[in-house]
1. Pairs, please: C-beta under 8 Å, at least 6 apart or cross-chain, first residue free of Cβ contacts under 8 Å to residues at least 40 places away in the same chain and under 13 Å from residue 81 (Cα atoms) and in the range 35-56, second open to solvent by less than 80 Å² (accessible area, probe 1.4 Å) and not in a helix (DSSP H, G or I)?
2. Return the total of residues in the range 51-90 being open to solvent by less than 40 Å² (accessible area, probe 1.4 Å) and outside any helix (DSSP H, G or I).
3. Residue 23 - would you say it is at pLDDT below 90 and of a type outside the set (D, E, K, R)?
Amino acid sequence: MRTPQTVLIDRPYTPLQKRPLPPGRPKAWYVLHNRRLKAMRLAIALLDSGVYAPSYATNKRIRHTAEVIGIRPPSDATCSMVRTLMRRRY
């Protein structure tokens, strides 16, 4: 049986450079795209803080996490999307 290899991280994390969104899409596409990005950021922050089950990710906890990481409070639709992302199994 193989054991997992240890990965050494030799430099601090730096976020990827943002690129402009493609032009010519309907406004609803941009809104949904940005909502998905925000939901992913929040889901990652919740997982990093120890909230692994979507049932523990209440709207109140998600909004508190958004405040802690410095983003605007999410809407109810975004909170629902965060729980959906946490629920997904691939």
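The values are calculated or read from the model by the stated rules, or taken from the named source; none is laboratory data. Predicted, not measured: the structure shown is a model, and the values here were computed from it. Methodologically, a virtual Cβ is constructed for each residue, glycine included, from the backbone with ideal geometry; neighbour enumeration extends over all protein chains shown. All accessible areas refer to the heavy atoms of the entire protein, side chains included, with ligands and DNA or RNA removed. Shrake-Rupley method; radii C 1.70, N 1.55, O 1.52, S 1.80 Å.
1. 41/71
2. 4
3. For residue 23, the condition - at pLDDT below 90 and of a type outside the set (D, E, K, R) - is not met.
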